[in-house]
Amino acid sequence: MKKTKISIIEDNKVVRENVSKFVGFHEEFELCQVHGSVESFLHALNINPSLQSDILILDIGLPGLSGLEAIPLILERLPHQDIIMLTTYEEEDVILKALCSGACSYISKKASLDEIVEALRIVANGGSYMSPSIAREIVNHLMGGRVSKASILSDRQKEILEKLVDGKSYATISTELFISIETVRSHVKKLYKVLQVNNKTEAITQYMKGYIK
(Lines give C-alpha, C1' and ligand atoms only; values in the text may rest on other atoms or scores of the structure.)
Protein backbone atom coordinates (compact mmCIF):
# COMPACT_ATOMS: atom_id res chain seq x y z
CA MET A 1 0.00 0.00 0.00
CA LYS A 2 1.34 3.40 -0.99
CA LYS A 3 1.65 5.63 2.04
CA THR A 4 0.42 9.23 2.10
CA LYS A 5 3.31 11.56 2.91
CA ILE A 6 2.57 14.15 5.59
CA SER A 7 4.46 17.32 6.54
CA ILE A 8 3.71 19.51 9.56
CA ILE A 9 4.51 23.17 10.28
CA GLU A 10 3.60 24.01 13.88
CA ASP A 11 5.58 26.15 16.32
CA ASN A 12 3.96 24.82 19.51
CA LYS A 13 6.26 21.97 20.54
CA VAL A 14 3.59 20.02 22.44
CA VAL A 15 1.07 20.22 19.58
CA ARG A 16 3.76 19.42 17.01
CA GLU A 17 4.99 16.35 18.87
CA ASN A 18 1.52 15.05 19.72
CA VAL A 19 0.23 15.37 16.16
CA SER A 20 3.38 13.96 14.54
CA LYS A 21 3.52 10.98 16.93
CA PHE A 22 -0.17 10.17 16.51
CA VAL A 23 0.00 10.44 12.72
CA GLY A 24 3.10 8.23 12.78
CA PHE A 25 1.17 5.48 14.57
CA HIS A 26 -0.96 4.95 11.45
CA GLU A 27 0.64 2.77 8.80
CA GLU A 28 -1.15 4.54 5.94
CA PHE A 29 0.85 7.71 6.63
CA GLU A 30 4.53 8.56 6.39
CA LEU A 31 5.95 11.65 8.10
CA CYS A 32 8.00 13.61 5.60
CA GLN A 33 8.89 16.91 7.30
CA VAL A 34 8.14 18.37 10.73
CA HIS A 35 9.07 22.03 11.31
CA GLY A 36 8.40 24.93 13.65
CA SER A 37 8.39 27.60 10.93
CA VAL A 38 7.65 28.11 7.25
CA GLU A 39 11.19 29.33 6.66
CA SER A 40 12.64 26.07 8.03
CA PHE A 41 10.25 24.04 5.84
CA LEU A 42 11.19 25.94 2.66
CA HIS A 43 14.89 25.80 3.51
CA ALA A 44 14.73 22.01 3.82
CA LEU A 45 13.03 21.85 0.41
CA ASN A 46 15.77 23.98 -1.11
CA ILE A 47 18.39 21.60 0.21
CA ASN A 48 16.50 18.45 -0.74
CA PRO A 49 13.66 18.96 -3.29
CA SER A 50 12.64 15.32 -2.90
CA LEU A 51 11.20 16.13 0.55
CA GLN A 52 7.77 16.73 -0.95
CA SER A 53 4.65 15.55 0.83
CA ASP A 54 1.10 14.86 -0.29
CA ILE A 55 -0.50 16.80 2.56
CA LEU A 56 0.82 19.69 4.66
CA ILE A 57 -0.66 20.46 8.08
CA LEU A 58 -0.10 24.20 8.56
CA ASP A 59 -0.58 26.48 11.57
CA ILE A 60 -1.41 30.19 11.12
CA GLY A 61 0.25 31.85 14.11
CA LEU A 62 3.90 31.13 13.38
CA PRO A 63 7.19 32.96 14.02
CA GLY A 64 8.32 34.77 10.89
CA LEU A 65 5.93 34.13 8.00
CA SER A 66 2.39 33.36 9.13
CA GLY A 67 0.49 30.41 7.74
CA LEU A 68 -1.72 32.76 5.71
CA GLU A 69 1.30 34.47 4.16
CA ALA A 70 2.87 31.09 3.47
CA ILE A 71 0.02 29.46 1.53
CA PRO A 72 0.63 31.23 -1.82
CA LEU A 73 4.41 30.86 -1.45
CA ILE A 74 4.12 27.13 -0.81
CA LEU A 75 1.66 26.61 -3.66
CA GLU A 76 3.88 28.50 -6.09
CA ARG A 77 6.65 26.08 -5.17
CA LEU A 78 4.38 23.01 -4.85
CA PRO A 79 1.22 23.63 -6.96
CA HIS A 80 -0.29 20.22 -6.15
CA GLN A 81 0.29 20.37 -2.39
CA ASP A 82 -2.86 19.80 -0.31
CA ILE A 83 -2.86 22.12 2.71
CA ILE A 84 -4.84 21.54 5.92
CA MET A 85 -4.94 24.49 8.31
CA LEU A 86 -4.72 23.45 11.98
CA THR A 87 -5.18 26.57 14.08
CA THR A 88 -6.86 28.36 16.97
CA TYR A 89 -8.16 31.06 14.60
CA GLU A 90 -11.88 30.61 13.92
CA GLU A 91 -12.77 34.09 12.67
CA GLU A 92 -14.76 34.15 9.43
CA ASP A 93 -12.38 36.41 7.50
CA VAL A 94 -9.31 34.34 8.47
CA ILE A 95 -11.00 31.08 7.49
CA LEU A 96 -12.09 32.44 4.11
CA LYS A 97 -8.70 34.02 3.44
CA ALA A 98 -7.00 30.65 4.04
CA LEU A 99 -9.45 28.71 1.87
CA CYS A 100 -9.41 31.23 -0.96
CA SER A 101 -5.60 31.32 -0.88
CA GLY A 102 -5.52 27.60 -1.57
CA ALA A 103 -5.97 25.61 1.65
CA CYS A 104 -8.34 22.68 1.10
CA SER A 105 -9.33 22.05 4.72
CA TYR A 106 -9.54 23.92 8.02
CA ILE A 107 -9.40 22.30 11.45
CA SER A 108 -9.73 23.89 14.88
CA LYS A 109 -7.07 23.01 17.44
CA LYS A 110 -9.98 22.01 19.64
CA ALA A 111 -10.28 18.93 17.40
CA SER A 112 -9.15 15.56 18.70
CA LEU A 113 -6.18 13.67 17.25
CA ASP A 114 -8.65 11.17 15.79
CA GLU A 115 -10.42 14.00 13.94
CA ILE A 116 -7.10 15.19 12.52
CA VAL A 117 -6.35 11.71 11.22
CA GLU A 118 -9.86 11.47 9.76
CA ALA A 119 -9.27 14.80 7.98
CA LEU A 120 -6.01 13.44 6.54
CA ARG A 121 -7.85 10.38 5.20
CA ILE A 122 -10.57 12.51 3.62
CA VAL A 123 -8.06 14.84 1.95
CA ALA A 124 -5.93 11.90 0.78
CA ASN A 125 -9.03 10.60 -1.00
CA GLY A 126 -9.61 13.92 -2.75
CA GLY A 127 -12.04 15.54 -0.32
CA SER A 128 -12.02 18.50 2.07
CA TYR A 129 -12.61 18.62 5.80
CA MET A 130 -13.96 21.35 8.06
CA SER A 131 -14.36 21.27 11.83
CA PRO A 132 -18.07 21.78 12.71
CA SER A 133 -17.42 25.23 14.18
CA ILE A 134 -15.55 26.21 11.00
CA ALA A 135 -18.33 24.89 8.78
CA ARG A 136 -20.82 27.06 10.68
CA GLU A 137 -18.73 30.17 9.93
CA ILE A 138 -18.71 29.27 6.23
CA VAL A 139 -22.49 28.81 6.26
CA ASN A 140 -22.91 32.18 7.97
CA HIS A 141 -20.85 33.80 5.24
CA LEU A 142 -22.81 32.13 2.44
CA MET A 143 -26.05 33.31 4.06
CA GLY A 144 -24.91 36.92 3.94
CA GLY A 145 -21.82 37.26 6.06
CA ARG A 146 -19.81 40.38 6.70
CA VAL A 147 -16.69 39.73 4.61
CA SER A 148 -16.27 41.51 1.29
CA LYS A 149 -14.95 39.68 -1.76
CA ALA A 150 -11.95 41.98 -1.91
CA SER A 151 -10.86 41.17 1.64
CA ILE A 152 -10.55 37.44 0.91
CA LEU A 153 -8.54 37.75 -2.30
CA SER A 154 -4.90 36.96 -1.65
CA ASP A 155 -2.33 39.65 -2.45
CA ARG A 156 -1.15 37.54 -5.39
CA GLN A 157 -4.69 37.17 -6.73
CA LYS A 158 -5.21 40.95 -6.53
CA GLU A 159 -1.88 41.48 -8.30
CA ILE A 160 -2.84 39.11 -11.11
CA LEU A 161 -6.32 40.65 -11.44
CA GLU A 162 -4.79 44.12 -11.79
CA LYS A 163 -2.53 42.84 -14.58
CA LEU A 164 -5.55 41.26 -16.31
CA VAL A 165 -7.30 44.63 -16.08
CA ASP A 166 -4.25 46.14 -17.79
CA GLY A 167 -4.80 43.67 -20.65
CA LYS A 168 -1.76 41.50 -19.99
CA SER A 169 -1.68 37.86 -21.10
CA TYR A 170 -1.03 34.87 -18.85
CA ALA A 171 2.41 34.53 -20.45
CA THR A 172 3.29 38.16 -19.70
CA ILE A 173 2.01 37.89 -16.13
CA SER A 174 4.04 34.71 -15.71
CA THR A 175 7.20 36.49 -16.82
CA GLU A 176 6.63 39.63 -14.74
CA LEU A 177 5.84 37.72 -11.53
CA PHE A 178 8.47 35.00 -12.06
CA ILE A 179 5.91 32.20 -11.78
CA SER A 180 4.80 29.50 -14.22
CA ILE A 181 1.80 29.91 -16.52
CA GLU A 182 0.25 26.92 -14.73
CA THR A 183 0.50 28.84 -11.44
CA VAL A 184 -1.09 31.92 -13.04
CA ARG A 185 -3.98 29.77 -14.28
CA SER A 186 -4.38 28.23 -10.84
CA HIS A 187 -4.59 31.68 -9.19
CA VAL A 188 -7.07 32.90 -11.82
CA LYS A 189 -9.28 29.85 -11.31
CA LYS A 190 -9.38 30.47 -7.54
CA LEU A 191 -9.95 34.18 -8.15
CA TYR A 192 -13.01 33.43 -10.31
CA LYS A 193 -14.37 31.15 -7.56
CA VAL A 194 -13.99 33.86 -4.89
CA LEU A 195 -15.61 36.54 -7.04
CA GLN A 196 -18.31 34.12 -8.23
CA VAL A 197 -17.65 34.92 -11.89
CA ASN A 198 -17.17 32.69 -14.93
CA ASN A 199 -14.59 34.54 -16.99
CA LYS A 200 -12.03 37.33 -17.20
CA THR A 201 -14.52 39.88 -18.55
CA GLU A 202 -16.80 39.46 -15.53
CA ALA A 203 -13.86 39.73 -13.12
CA ILE A 204 -12.58 42.90 -14.80
CA THR A 205 -16.11 44.36 -14.76
CA GLN A 206 -16.31 43.88 -10.98
CA TYR A 207 -12.91 45.56 -10.62
CA MET A 208 -13.89 48.51 -12.83
CA LYS A 209 -17.16 49.01 -10.92
CA GLY A 210 -15.16 49.38 -7.72
CA TYR A 211 -16.33 46.18 -6.06
CA ILE A 212 -12.69 45.14 -5.57
CA LYS A 213 -10.15 47.53 -4.08
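The values are calculated or read from the model by the stated rules, or taken from the named source; none is laboratory data. Everything quoted here is computed from the prediction, not taken from an experiment. When we count neighbours, we look across all protein chains shown, and the Cβ atoms used for this are built from the backbone with ideal geometry, even at glycine. These accessible areas exclude ligands, DNA and RNA; they are computed on the full protein's heavy atoms, side chains included. Shrake-Rupley method; radii C 1.70, N 1.55, O 1.52, S 1.80 Å.
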Which of S131, F29, L96, positive extreme of dipole for the chain (C-beta unit charges): L96
Degrees separating the helix 67-77 axis from the principal Cα axis of the chain, which is the longest one: 80
Leaving out ligands, DNA and RNA, what percent of the accessible area of the chain is carbon and sulfur, probe 1.4 Å? 52
Pick from Q196, Q33, Q157: which is most flexible by mean-square fluctuation in a GNM of the chain where alpha carbon atoms under 10 Å apart are linked? Q196
Probe 1.4 Å, accessible area per residue of the chain, Å²: 52
Going by accessible area, probe 1.4 Å, with all protein chains left in place, what is the ranking of Y106, Y129, Y89, largest first? Y89, Y129, Y106
In what sequence, largest accessible area first, do M130, M1 appear using a 1.4 Å probe? M1, M130
Value at 222 nm in deg cm²/dmol, rounded to 500, when DSSP H runs of n ≥ 4 in the chain each add -39,500 (n - 2.57): -15500 deg cm²/dmol
If you average the C-alpha positions of region 14-57 and of region 104-137 separately, how far apart do those two centres end up, in angstrom? 17
Assigning unit charges at the beta carbon (Lys, Arg +1; Asp, Glu -1) and nothing else, what dipole magnitude in debye, to the nearest 20, does the chain show about its Cα centre? 600
Can you give me the long-range amide H partners of H35? Hydrogens built in the peptide plane at 1.01 Å from N, cutoff under 5 Å, separation of 5 or more residues or another chain. I8, I9, E10
Mind running the shape call on region 1-67? Use the C-alpha gyration tensor, a ≥ b ≥ c as the square roots of the eigenvalues: rounded below 1.5 for a/c, prolate if a/b tops b/c, oblate otherwise. oblate
Less than 9 Å Cβ to Cβ from T87, Lys/Arg counted +1 and Asp/Glu -1: what total charge do the surrounding residues give? -1
Place +1 on the Cβ of every Lys and Arg and -1 on the Cβ of every Asp and Glu in the chain, take the dipole about the Cα centre, and give the residue among M208, L161, Q81 whose Cα lies farthest towards its positive end. M208
Reported label for calculated Rg and Dmax of the Cα atoms in Å given (1) 22.1, 79; (2) 16.4, 46; (3) 17.7, 54: (3)
Starting with the highest mean, order 44-50, 163-169 by the number of other Cβ atoms within 10 Å, averaged over the residues of each peptide. 163-169, 44-50
